[in-house]
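Worksheet for the structure shown next.
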There are 4 protein chains.
Amino acid sequence: MGSFQGHTLPGSLFLLAGIWWTGKYSLWHATRRNKSLGSTRFASRTSQRRVEILESSLVLFLSFVGMVCEQFAANGPKLHLYDFAEKHWEQLHIWQHTTMYLFFSLAAIVSLIIHTTEAAPVALDRLMLAIAFFNEGFLFLYHLHGRAMLDVHVHQLLLYAVFGGGLVSFLEVFHRGNIILELLRCTLTILQGTWFWEIGFVLYPPSGTEWNLTDHNTMMFVTMCYSWHLTIAMLVVGVLYCTVSCVVRSRLKRTPPMEMGLLKPREHDAESEDEVF
Amino acid sequence: MGSFQGHTLPGSLFLLAGIWWTGKYSLWHATRRNKSLGSTRFASRTSQRRVEILESSLVLFLSFVGMVCEQFAANGPKLHLYDFAEKHWEQLHIWQHTTMYLFFSLAAIVSLIIHTTEAAPVALDRLMLAIAFFNEGFLFLYHLHGRAMLDVHVHQLLLYAVFGGGLVSFLEVFHRGNIILELLRCTLTILQGTWFWEIGFVLYPPSGTEWNLTDHNTMMFVTMCYSWHLTIAMLVVGVLYCTVSCVVRSRLKRTPPMEMGLLKPREHDAESEDEVF
Amino acid sequence: MGSFQGHTLPGSLFLLAGIWWTGKYSLWHATRRNKSLGSTRFASRTSQRRVEILESSLVLFLSFVGMVCEQFAANGPKLHLYDFAEKHWEQLHIWQHTTMYLFFSLAAIVSLIIHTTEAAPVALDRLMLAIAFFNEGFLFLYHLHGRAMLDVHVHQLLLYAVFGGGLVSFLEVFHRGNIILELLRCTLTILQGTWFWEIGFVLYPPSGTEWNLTDHNTMMFVTMCYSWHLTIAMLVVGVLYCTVSCVVRSRLKRTPPMEMGLLKPREHDAESEDEVF
Amino acid sequence: MGSFQGHTLPGSLFLLAGIWWTGKYSLWHATRRNKSLGSTRFASRTSQRRVEILESSLVLFLSFVGMVCEQFAANGPKLHLYDFAEKHWEQLHIWQHTTMYLFFSLAAIVSLIIHTTEAAPVALDRLMLAIAFFNEGFLFLYHLHGRAMLDVHVHQLLLYAVFGGGLVSFLEVFHRGNIILELLRCTLTILQGTWFWEIGFVLYPPSGTEWNLTDHNTMMFVTMCYSWHLTIAMLVVGVLYCTVSCVVRSRLKRTPPMEMGLLKPREHDAESEDEVF
């Protein structure tokens, strides 16, 4: 990437994705927990499907824009891969970013197919997401050869969030709808987003004062900083989850559902919920 | 292996195996999903078993041919392992390939026994497949000492597909019949096949223009190329799966089954399917 | 840390936590096994919840005290992170310890929220505990650069207990209430505690006779010593578990429960218990 | 160990353990599969428990003998750990072996307690076995510093079998009675046994002709040899399993059970068996 904007742009996208997912899964979980209060008004099966389709379309659109921008920007490779005249590869870094976008767009396409038709098993969207994350981490892993120590280190820390997200997505193939795994994935995605920003600030400081890229103490500080980012990500997810839960509950209490006859005792419902997770 | 053909031959075999498996599992999955439409005509229990026996026999035959060819080819070791006169090992590379074939033939024998008799638990065939993949990866792992950087790198990338295939097979011991795992294994097998071809083209280019085996940019390109191979493998599996599903469905609609009285509502069937996976 | 007390203090805390947990889980397991004998007198749902709240409050209090002490001790950084005058980081080691305490206090807060309200799924407390352990191990991992061989080695051995504890906690998210995993976590926590003491004795011997930090034989002895600590931890957990089981059983026999009519045959109960675990 | 006998003795013990386990689990599995034919005559619950107690007692006895022999042999450390006069550790290798025996004896003691009383959950015996294997591998891992390349390599290969056995035992905590995992554990134990013999022959050849410990080709041969040992182990387990199955079935057919009225249709039983595994 090699620029401040080159790191903050994907950072912002992952940050937004993490926050959006937290809201979505919190709402759906609150809906499931309060079924007896008629909460399905907020998130019926049909509306859930519609949300998934919208989300996938947006991801597909953004990935496509990302690929086009990377390739046709002022100094982009414009789809040329090898310069036969001077015998060198054309800006492989940009090609790698294009490949990362490609995998996320594939995941979005599969998700679209799953939620518009009934052709494929639904768990496939999590598998594709896991593959997209693993591919991102895999390309970063072989991306770091010959850089300064701190540069390598901040990107290695990023890999924890990336591979963690991939692993959690893969676990969701088998434990779909487990709110704990969903929130963990949200947390790791937000962490990835904020850490991209951190990388931008450390390697390309907009203030101009360069960091010492070889000081061991700076490395130790950066490591600890990663823990703080994780704390912040957990706080953001926690606050969002609680807010959504409270809003859903208070709304339900103000406007009781029509079909009172179908009301099951709330106590029992919450209990079974607890035992499942 | 040390030759272009030495890499493209196993590559073609894995490629064919992956495509064949994709077709087989797609057909069986479509059969299970459309049971109510009388789809069991296409893949009854008995016919499934017959297919498995045929497949295992073919694998056994090919492994055996492979072992014999490797050993008794013009410059093969002809079952000699150690040259006591000159005190050196006889072509260990070929012996290693023989060992890899041996494990796949063992997996085929076990699969034959399982599907002809009822002596052993069926999940054993996946365990044997996992062991065959792990053994292949294990031998490759200790195979690479003292080669050029790019040579080592392309073989290491191969290991991701090999060990990935082994791990997925092992998971299938516990989640047998999970279409997502089955398709993932198909994808990784096709990836392994196409990557064997890629290795052949990179290390022994038939066009004659040698690749620079120590350029770091070439390594980065090759890494990215691996992601593209994975994309292609996923596309192949996806297209095949959809084609088979559509064909099964359209056939079922044209020729409704005899026993209409046994028809269960299709809606419910698809639903439960979705929840399982 | 850099001092004898700096290692024995956390060691004592983990040791106490491990012993406390062993007692708690043994009591609850004995209660579940002997339900038919009216054992719920000892640990009803309400009392269990009260114990969890007390435990979480204590952990929160101790973590908070730990953070304050580390920061405002005689030579602490007093919340200063960077000395802009002399351009160096302020005692990063102490900041790292503060971060570790922070994660355990977060886990305690989440546990408090879970057990006082019903806002969140209960399994979240194990996830937070797992994250706290992983964070501790993660900070230790990047903590060891440039130290003597034995110093690095004893801390690496500590990581087995730390990451092991994190992994077992994560497994408990999916297998909550599995007594085997619970006792394993207790064992690893006690091991961590006693090993902190060992590190204190090896690196800062109170007797004054320094250990040879670069002798390979000493390293081998220390490795073996780790196994012995594990043995002792297993013995402590085993003896505690048996004692609690026996006390619960003997008490139950002396004072039979009131509601004899609800008595289910004990045999059957123990049997089902055995099959679950 | 440092001698031919020092490797072949544990090798023989593991070999015998693996063969014994194969027979035991094969018999019990055949018993479960043929319940309808009255097979419980061969292995009733009571007799199974008696076998477990006998096995555990034998393991305990052998471990104890092993510990005593290692310590009090001609050149053993006789329970001395540190020579304060000359300031060096007393034969740490022998102490390490004593520690390994100690963990297996602990596993045996726990197994005895579980099968004589009902104090502890039964899955604990697999956990203790897993810990014993992990401890063995852990001590070997830090055992190899400063040896010749081939010496390190053959011991590293051993670790695959040791850690593999530990991992499979740990999985059995959650999947108890899964015949596939049980046979896999048997295979890995037999592999460990035969590989100990191989190490003895390679490092201390009784014929006197020394192996070249630094030749890369020898290393590649040894790696391949490991695969062949695995093949042999799988063959032994396979043949034993089939033999036991056949003997049980033929015996059942000759002497039909008394209580014909309790006969359930065999077909159905085998079916459910297949679905479980």
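The values are calculated or read from the model by the stated rules, or taken from the named source; none is laboratory data. It should be emphasised that the depicted structure is a prediction, and the values quoted were computed from it without experimental measurement. Please note: Cβ atoms are built from the backbone with ideal geometry, for glycine as well, and neighbour counts cover all protein chains shown. For the accessible areas, the whole protein counts, side chains as well, though only heavy atoms, and no ligand, DNA or RNA atoms are used. Shrake-Rupley method; radii C 1.70, N 1.55, O 1.52, S 1.80 Å.
Structure values in brief
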{"item": "Size of charge dipole - chain D - debye, nearest 20, with Cβ of Lys, Arg +1 and Asp, Glu -1, no other charges", "result": "1160 debye"}
{"item": "Computed E for D:THR117/D:TRP228 - FRET, C-beta separation, R0 41 angstrom, nearest 0.05", "result": "0.40"}
{"item": "Farthest toward positive dipole pole in chain A [+1 Lys/Arg, -1 Asp/Glu at C-beta], among A:VAL152, A:LEU188, A:THR22", "result": "A:THR22"}
{"item": "Choice from C:TYR142, C:TYR160, C:TYR25 showing the highest fluctuation, given a GNM over chain C with Cα pairs closer than 10 Å", "result": "C:TYR142"}
{"item": "Helix axis angle, B:92-116 relative to chain B longest principal axis, alpha carbon, degrees", "result": "20 degrees"}
{"item": "Under Karplus coefficients 6.51, -1.76 and 1.60, residue-wise ³J(HN,Hα) of region A:152-165 in Hz, glycine/proline x", "result": "4, 5, 5, 6, 5, 4, 4, 4, 4, 5, 5, 5, x, x"}
{"item": "Nitroxide proxy distance, nm - points 7 Å out along Cα→Cβ at A:PHE4 and B:TRP20", "result": "5.9 nm"}
{"item": "Scaled radius of gyration (Cα, divided by 2.2 N^0.38 Å) that region D:12-126 gives", "result": "1.44"}
{"item": "Debye, to nearest 20: dipole size of the protein assembly as shown, +1 on Lys, Arg Cβ, -1 on Asp, Glu Cβ", "result": "4260 debye"}
{"item": "Percent carbon-and-sulfur accessible area, the protein assembly as shown, ignoring ligands, DNA and RNA, probe 1.4 Å", "result": "69 percent"}
{"item": "Choice from D:GLY238, D:GLY146, D:GLY166 with maximal GNM fluctuation in chain D (Cα, 10 Å cutoff)", "result": "D:GLY146"}
{"item": "Order of exposure, largest accessible area first, which applies to B:LEU235, C:LEU54 with probe 1.4 Å", "result": "C:LEU54, B:LEU235"}
{"item": "Cut-off under 5 Å, modelled amide H: who pairs with C:HIS88 long-range", "result": "C:ASP83"}
{"item": "Whole-number Å³ per residue for the convex hull built on Cα positions in region B:101-156", "result": "69 Å³"}
{"item": "Alpha carbon Rg of region B:82-192, scaled by the compact-globule rule 2.2 N^0.38 Å", "result": "1.27"}
{"item": "In nm, spacing of pseudo-spin labels at A:LEU54 and B:ARG176 (7 Å Cα→C-beta vector)", "result": "4.5 nm"}
{"item": "Acute angle (nearest 10 degrees) that the helix B:124-141 long axis makes with the longest principal axis of chain B, alpha-carbon atoms", "result": "20 degrees"}
{"item": "Residues losing 20 Å² or more accessible surface upon assembly, region C:210-238, compared with the chain by itself, 1.4 Å", "result": "C:HIS216, C:ASN217, C:MET220, C:PHE221, C:THR223, C:MET224, C:SER227, C:TRP228, C:LEU230, C:THR231, C:MET234"}
{"item": "Neighbourhood net charge (14 Å Cβ-Cβ; Lys/Arg +1, Asp/Glu -1) for D:SER63", "result": "-3"}
{"item": "Positive-pole candidate from D:GLN91, D:THR46, D:HIS115, dipole of chain D, charges at beta carbon", "result": "D:THR46"}
{"item": "Angle between chain A longest axis and helix A:45-72 axis [Cα atoms, degrees, rounded to 10]", "result": "10 degrees"}
{"item": "Volume per residue of the C-alpha convex hull in region D:134-184, rounded to whole Å³", "result": "56 Å³"}
{"item": "Max mean-square fluctuation residue, GNM over chain C, Cα-Cα springs under 10 Å, options C:MET128, C:MET100, C:MET224", "result": "C:MET224"}
{"item": "FRET E, pair B:LYS253, B:THR209, Förster distance 51 Å, beta-carbon r, rounded to 0.05", "result": "0.40"}
{"item": "Size of the D/B contact, given as accessible area buried on both chains, probe 1.4 Å, in Å²", "result": "2900 Å²"}
{"item": "In Å, descending, principal axis extents of the Cα set of region D:4-276", "result": "77, 45, 31"}
{"item": "Around C:HIS97: net Lys/Arg minus Asp/Glu count, Cβ-Cβ under 11 Å", "result": "-2"}
{"item": "Residues in region B:73-92 occluded by at least 50 Å² - accessible area, probe radius 1.4 Å, against chain by itself", "result": "B:TRP89, B:LEU92"}
{"item": "Within straight-line cross-link reach of A:LYS87, lysines at Cα separation under 25 Å, skipping those fewer than 8 residues along the same chain", "result": "A:LYS78"}
{"item": "Charge tally in the Cβ shell below 9 Å around B:SER111, where Lys, Arg are +1 and Asp, Glu are -1, B:SER111 excluded", "result": "-3"}
{"item": "Angstrom value of the Kirkwood radius, inverse mean 1/r, which spans all Cα pairs in the protein assembly as shown", "result": "32.8 Å"}
{"item": "Accessible solvent surface per residue of region C:4-276, calculated while the other protein chains remain in place, 1.4 angstrom probe, Å²", "result": "45 Å²"}
